[in-house]
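Chemist: First the structure, which I've put down as structure tokens, then a few questions once you've had a look.
The values are calculated or read from the model by the stated rules, or taken from the named source; none is laboratory data. Since the structure is predicted, the reported quantities are computational estimates derived from the model, not experimental observations. Every residue, glycine as well, gets a Cβ built from its backbone with ideal geometry; the counts of neighbours run over all protein chains shown. In case anyone asks, the SASA skips ligands and DNA or RNA and just uses the protein heavy atoms, side chains included. Shrake-Rupley method; radii C 1.70, N 1.55, O 1.52, S 1.80 Å.
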Number of protein chains: 2
Amino acid sequence: MGKGANSMGVKFDDSLSKRAHNFSAGPACLPESVMRTAAAEFCDYGGSGIGMMELSHRDAGGPVQNAMSQAAEDLRSLLSIPDAYHVLFMQGGAHGQFAAVPLNLLGDKKQADYLNTGFWSQRAMKEAARYCDVRLAYDGTVDNFTKLPSASTWDISPDSAYVHVCANETIHGVELLEDPVLPAGSPPLVADFTSTLLSRPVDVSKYGLIYASGGKNLGPAGFTVVIVRDDLLDRASPLCPSVLSYKLSAESKPVPSLYNTPPTYLIYMCGLVLQDLKDLGGLRAVQKRVRRRSDQIYSLIEASNSFYTLKNVDKPVRSMMNIPFRVKDGLVDGLEEAFCRESEASGIYQLFCHPLFPGLRVTLYNGVPDEAVNALYRFMVKFMADHVDSADRHAVPHHTPQVIPNRHALC
Amino acid sequence: MGKGANSMGVKFDDSLSKRAHNFSAGPACLPESVMRTAAAEFCDYGGSGIGMMELSHRDAGGPVQNAMSQAAEDLRSLLSIPDAYHVLFMQGGAHGQFAAVPLNLLGDKKQADYLNTGFWSQRAMKEAARYCDVRLAYDGTVDNFTKLPSASTWDISPDSAYVHVCANETIHGVELLEDPVLPAGSPPLVADFTSTLLSRPVDVSKYGLIYASGGKNLGPAGFTVVIVRDDLLDRASPLCPSVLSYKLSAESKPVPSLYNTPPTYLIYMCGLVLQDLKDLGGLRAVQKRVRRRSDQIYSLIEASNSFYTLKNVDKPVRSMMNIPFRVKDGLVDGLEEAFCRESEASGIYQLFCHPLFPGLRVTLYNGVPDEAVNALYRFMVKFMADHVDSADRHAVPHHTPQVIPNRHALC
């Protein structure tokens, strides 16, 4: 698929291939093989002479419905999603789900439990407060957002409709790396997996609802994957807009996610990403690669004798997707700007953190190739050597930068 | 832009160019020049070595924010949108707006006026009924959805928060072709322009709010354009989800539509479509082409001596975007299926109507090239000649099918 030339004359010439090293935290780098396939068939899907984004979603059994069904099936297969869950493609991103969750799940309850682990948890809590009382099952402010304690310590109320956790705080670098086990009789666990889904195997049965927006590991920004347990489909408020209704989306015919026109092209792109992950050996193989690459960057920072510094995040919940760090603790004027400027001069882009937060961030979503991580590693070593104070020179690692295999040698 | 080869090696060879004739009612055919440009720079926007869909929307003054601002500016220019209006890019399509309109505009009112002109009006009314009393300013059921009476006859209540009209009923073939003038002191007029925006100049000052989803004239499905008068931004209900809030979208910094991650790639595609329309001479030129092409199909059907039949829609509101019709009034078993089968054999696709409604439909959105309309015209003449009863043979037009200039000769 996507090789050679199509009927619109879009062709490849591998000798011309050149990609920048793109570390955007989202919308993020997509796998090169996915981008090539999509470009090759952009104007002509499957030899039809029509682009995927120009095809009707109402053509029963047609290419759009088939692509949507295949993407849902591939996600089920990759995550071993139990039969008792629906896989939905919705719009509005994670922010849409911040409202959709209380609007769909409160039922006759007036309260929900939230873990406040950082910026994205707080966005979810702020939105939920429109619809219910938001109760804190854990308040990360006391730990300066460096922890995500074990579920056994969460303060969960039986009167809450659900317990909400953000599985990866991209700005604070705190990630849920093991699926929580809640006490028997607890409300259903709801998790925002936006920037971590597809980075490891997940025991979906531990959750009542998982949602994740595009723009990270799943594909482009503008669609949202919702994995919802069927017994939670009948609790929606009459005030829930139809476009945020899990039930309407789950029950649309002939396939789910067709109550209203879906973002067909973005779901097609997600399907290409999922197929790519299956070809690479599934999520156990992905998890090995994720661990290897995050270890590579964390170990360099830790070996830098405080030239590069991390937040003091608990190691068991240190994010493997987003590594926020400072240069010289951000205390040397212009040094972090120089880091960005010089990294771009080396063809390494989008290492800035969120505009609301200072510092830098390495994002290691699946679409980022190993070559880019290796290039970044080498750049960080060189930047340190160029800018470290003479007193700190001993901090520069003398070993050759560790070079890791490329993504196609994943397994 | 988009010519030759880019650094990913995506190249064009015009000799290979071949496009099907695609009449999808949505997601719809996009201009070939737009599709070619997008395909050529798919993996490498502006020589960056990064695809537009892989770039961060948080890069202040970066390519994504620039593309969003340029698209908004081009829409302002094409529609001569007054300064007192915001142009927003949102998610959720028209169905999202069916909820967003009451959630944003009710203020302290408990009621809104709706014109029931068909399927899409009813979807909007059904959604609005979640949030307010829906009052009928006109009930099209009495006219079997064949009319859209003059605004002077609408039954408007001063107690209503707004008056909602669907500007194009794609299934019934009824279109608002002149901007209504409401009596002084009327509530603001809200219009769903989903399948007609960009088909003619619009006097935006006649409306408080105009919305239109992608998938028709604007670009791919998955984003929504909202043009809202600034004085309507402060009426939102606290129950309005943030992703549907006009105010949050209008006030995001450094550019609007950034409160949450927008569907960046789809907005970029919209920008290419808007630039294409500007290159073609703007909406007066587009309107001439729209009239010429719809006349071509309507006149053929009317000259067919009832081999092809139209609904009895009032001529002044006959849709120029969507022409629903039957073959032999749908009374001859298998004849409409044969029409679809034989049209596809001629490389003419997606002429089926909405699954919920029988019959056929010609969709003439801007992306459909004149060559496709001419091919369809010729096919319809031939199909009639092949299938008309001998008694009806005199109905076959004897003149050569009118061939109209291609889109590049628009002006």
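Chemist: Residue pairs, Cβ under 6 Å, 6 or more apart or interchain, first in segment A:220-242 and under 28 Å from A:Glu32 (Cβ atoms) and in the same structural domain as A:Leu274 (by the TED database), second part of a loop (DSSP other than H, G, I, E, B) and hydroxyl-bearing (Ser, Thr, Tyr). List them.
Modeler: So the pair list comes out as A:Ala221/B:Thr261.
Chemist: Would a scan of segment B:230-253 turn up a residue that is of a type in the set (Val, Ile, Thr) and over 23 Å from B:Gly26 (Cβ atoms)?
Modeler: The first filter runs over segment B:230-253 and keeps only residues of a type in the set (Val, Ile, Thr), leaving B:243.
Of the ones still in play, those that are also over 23 Å from B:Gly26 (Cβ atoms) are none.
No, because not a single residue in segment B:230-253 is of a type in the set (Val, Ile, Thr) and over 23 Å from B:Gly26 (Cβ atoms).
Chemist: Looking only at segment B:262-308, which residues are touching a Pro at 6+ places or on another chain (Cβ under 7 Å) and of a type in the set (S, T, N, Q)?
Modeler: B:Thr264, B:Gln287
Chemist: Starting from residues that are part of a loop (DSSP other than H, G, I, E, B) and crowded, with 16+ Cβ neighbours inside 10 Å, keep the ones in segment B:131-148 and report whichever is farthest from the other protein chains (Cβ to nearest Cβ). Step through it out loud before you land on a result.
Modeler: Of the residues in segment B:131-148, the ones part of a loop (DSSP other than H, G, I, E, B) are B:131-132, B:144-148.
Pick out the ones that are also crowded, with 16+ Cβ neighbours inside 10 Å and you get B:131-132, B:145-148.
Numbers: B:Tyr131: 7, B:Cys132: 11, B:Phe145: 20, B:Thr146: 23, B:Lys147: 26, B:Leu148: 23 Å.
If we take residues in segment B:131-148 being part of a loop (DSSP other than H, G, I, E, B) and crowded, with 16+ Cβ neighbours inside 10 Å, then B:Lys147 is farthest from the other protein chains (Cβ to nearest Cβ).
Chemist: Also: May I ask you to say which residue of A:Leu189, A:Leu197, A:Leu182, A:Leu177 is assigned by the TED database to the domain that holds A:Met68, modelled with pLDDT of 95 or more and under 12 Å from the mean Cα position of the chain (by Cα)?
Modeler: On inspection, the qualifying residue turns out to be A:Leu197.
Chemist: So how many residues does segment A:153-205 have that are under 18 Å from A:Leu232 (Cβ atoms) and not small (Gly, Ala, Ser)?
Modeler: 19
Chemist: Return the only residue of B:Arg123, B:Arg76, B:Arg36, B:Arg58 being assigned to a helix (DSSP H, G or I), touching a Phe, Trp or Tyr at 6+ places or on another chain (Cβ under 9 Å) and not assigned by the TED database to the domain that holds B:Pro241.
Modeler: Values: B:Arg123 fails: not assigned by the TED database to the domain that holds B:Pro241; B:Arg76 fails: not assigned by the TED database to the domain that holds B:Pro241; B:Arg58 fails: assigned to a helix (DSSP H, G or I).
Sole residue among the options that is assigned to a helix (DSSP H, G or I), touching a Phe, Trp or Tyr at 6+ places or on another chain (Cβ under 9 Å) and not assigned by the TED database to the domain that holds B:Pro241: B:Arg36.
Chemist: Let me ask you something else. Would you check if there is a residue in segment B:348-358 being of a type in the set (Phe, Trp, Tyr), free of Cβ contacts under 8 Å to residues at least 40 places away in the same chain and within 14 Å of chain A (Cβ to nearest Cβ)? Before the answer, list the steps.
Modeler: Of segment B:348-358, the ones of a type in the set (Phe, Trp, Tyr) are B:349, B:352, B:357.
Those left that are additionally free of Cβ contacts under 8 Å to residues at least 40 places away in the same chain: B:352.
Adding the requirement that they be within 14 Å of chain A (Cβ to nearest Cβ) leaves B:352.
Yes - at least one qualifying residue is present in segment B:348-358.
Chemist: State whether the residues of segment B:246-254 include one that is aromatic (Phe, Trp, Tyr), open to solvent by less than 10 Å² (accessible area, probe 1.4 Å) and outside any loop (DSSP other than H, G, I, E, B).
Modeler: Just the residues of segment B:246-254 that are aromatic (Phe, Trp, Tyr), to begin with: B:246.
Add one more test, that the residue is open to solvent by less than 10 Å² (accessible area, probe 1.4 Å), and what stays is B:246.
Next, from what is left, pick out any that are outside any loop (DSSP other than H, G, I, E, B): B:246.
Yes, the conditions are met somewhere in segment B:246-254.
Chemist: State which residue is nearest to the other protein chains (Cβ to nearest Cβ) when the search covers only segment A:57-75 and only residues that are farther than 18 Å from A:Tyr259 by Cβ and modelled with pLDDT of 95 or more.
Modeler: The first filter runs over segment A:57-75 and keeps only residues farther than 18 Å from A:Tyr259 by Cβ, leaving A:61, A:63, A:66, A:70, A:73-75.
Add one more test, that the residue is modelled with pLDDT of 95 or more, and what stays is A:63, A:66, A:70, A:73-75.
Values: A:Pro63: 11, A:Asn66: 15, A:Gln70: 18, A:Glu73: 21, A:Asp74: 20, A:Leu75: 19 Å.
Selected residue: A:Pro63.
Chemist: Does segment B:215-225 include one or more residues that are in contact with a strand residue (DSSP E or B) (Cβ under 8 Å, 6 or more places away or on another chain), more than 14 Å from chain A (Cβ to nearest Cβ) and open to solvent by less than 10 Å² (accessible area, probe 1.4 Å)?
Modeler: First, pick out the residues of segment B:215-225 that are in contact with a strand residue (DSSP E or B) (Cβ under 8 Å, 6 or more places away or on another chain): B:218, B:221, B:223-225.
With the extra rule that they be more than 14 Å from chain A (Cβ to nearest Cβ), the set shrinks to B:225.
Filter once more, so that each one left must be open to solvent by less than 10 Å² (accessible area, probe 1.4 Å): B:225.
Yes, because at least one residue in segment B:215-225 is in contact with a strand residue (DSSP E or B) (Cβ under 8 Å, 6 or more places away or on another chain), more than 14 Å from chain A (Cβ to nearest Cβ) and open to solvent by less than 10 Å² (accessible area, probe 1.4 Å).
Chemist: Does segment A:149-158 contain at least one residue that is closer than 25 Å to A:Phe23 by Cα, of a type in the set (Ser, Thr, Tyr) and open to solvent by less than 50 Å² (accessible area, probe 1.4 Å)? Full working, then the answer.
Modeler: We begin by selecting, within segment A:149-158, every residue closer than 25 Å to A:Phe23 by Cα; these are none.
No, segment A:149-158 contains no residue that is closer than 25 Å to A:Phe23 by Cα, of a type in the set (Ser, Thr, Tyr) and open to solvent by less than 50 Å² (accessible area, probe 1.4 Å).
Chemist: So is B:Asn260 within 12 Å of chain A (Cβ to nearest Cβ) and either over 19 Å from the mean Cα position of the chain (by Cα) or in a helix (DSSP H, G or I) (or both) or not? Step through it out loud before you land on a result.
Modeler: Numbers: within 12 Å of chain A (Cβ to nearest Cβ): yes; either over 19 Å from the mean Cα position of the chain (by Cα) or in a helix (DSSP H, G or I) (or both): yes.
Answer is yes for this residue.
Chemist: Let me ask you something else. Based on this model, can you work out whether B:Ala250 counts as within 14 Å of chain A (Cβ to nearest Cβ) and at pLDDT 95 or above? Steps first, answer last, please.
Modeler: On the way: within 14 Å of chain A (Cβ to nearest Cβ): no; at pLDDT 95 or above: yes.
Judged against the criteria, B:Ala250 is not a match.
Chemist: What number goes with the only condition from (1) basic (Lys, Arg); (2) touching a residue at least 40 places away in the same chain (Cβ under 8 Å); (3) touching a Leu at 6+ places or on another chain (Cβ under 7 Å) that A:Lys216 does not pass?
Modeler: Answer for A:Lys216: the failing condition is (3).
Chemist: Right, here's the next one. Hey, can you tell me all the residues within segment A:343-353 that are open to solvent by 20 Å² or more (accessible area, probe 1.4 Å) and under 20 Å from A:Leu310 (Cβ atoms)?
Modeler: A:Phe352 - this is the single residue of segment A:343-353 that is open to solvent by 20 Å² or more (accessible area, probe 1.4 Å) and under 20 Å from A:Leu310 (Cβ atoms).
Chemist: Still on this structure, please answer the following. Could we say that B:Asn168 is at positive phi and among the polar types (S, T, N, Q) here? Spell out the reasoning first.
Modeler: Numbers: at positive phi: no; among the polar types (S, T, N, Q): yes.
In short, no.
Chemist: Regarding B:Lys109, is this residue more than 14 Å from every other protein chain (Cβ to nearest Cβ), basic (Lys, Arg) and open to solvent by 50 Å² or more (accessible area, probe 1.4 Å)? First the steps, then the outcome.
Modeler: Details: more than 14 Å from every other protein chain (Cβ to nearest Cβ): yes; basic (Lys, Arg): yes; open to solvent by 50 Å² or more (accessible area, probe 1.4 Å): yes.
Yes.
Here's the yes/no breakdown for (1) surrounded by fewer than 16 Cβ atoms within 10 Å (Cβ to Cβ); (2) part of a helix (DSSP H, G or I):
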position	(1), (2)
B:Asn312	yes, no
B:Glu337	yes, yes
B:Arg341	yes, yes
B:Phe357	yes, no
B:Gly367	no, no
B:Met380	no, yes
B:Ala385	yes, yes
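Chemist: Looking at A:Gln122 and the list (1) in contact (Cβ under 8 Å) with a residue 12 or more places away in the chain; (2) within 14 Å of another protein chain (Cβ to nearest Cβ), which single condition is not satisfied?
Modeler: Single failed check for A:Gln122: (1).
Chemist: So which residues in segment A:17-31 are outside any loop (DSSP other than H, G, I, E, B) and either at the interface with another protein chain (Cβ under 7 Å from one of its Cβ atoms) or surrounded by fewer than 24 Cβ atoms within 10 Å (Cβ to Cβ) (or both), if there are any at all? Outline the logic, then answer.
Modeler: If we filter segment A:17-31 for residues that are outside any loop (DSSP other than H, G, I, E, B), which is where we start, we get A:21-22.
Within segment A:17-31, just A:Asn22 meets the criteria.
Chemist: Another one. Output the residues belonging to segment A:32-56 that are in contact with a helix residue (DSSP H, G or I) (Cβ under 8 Å, 6 or more places away or on another chain), open to solvent by 10 Å² or more (accessible area, probe 1.4 Å) and more than 7 Å from every other protein chain (Cβ to nearest Cβ).
Modeler: Within segment A:32-56, A:Ser33, A:Thr37, A:Glu41, A:Tyr45, A:Gly46 meet the criteria.
Chemist: Looking at segment A:80-96, can you tell me whether even one residue there is part of a helix (DSSP H, G or I), open to solvent by 10 Å² or more (accessible area, probe 1.4 Å) and either acidic (Asp, Glu) or not assigned by the TED database to the domain that holds A:Val204 (or both)?
Modeler: no
Chemist: Within segment A:278-301, can one find any residue that is open to solvent by less than 10 Å² (accessible area, probe 1.4 Å), within 14 Å of chain B (Cβ to nearest Cβ) and in contact (Cβ under 8 Å) with a residue 24 or more places away in the chain?
Modeler: no
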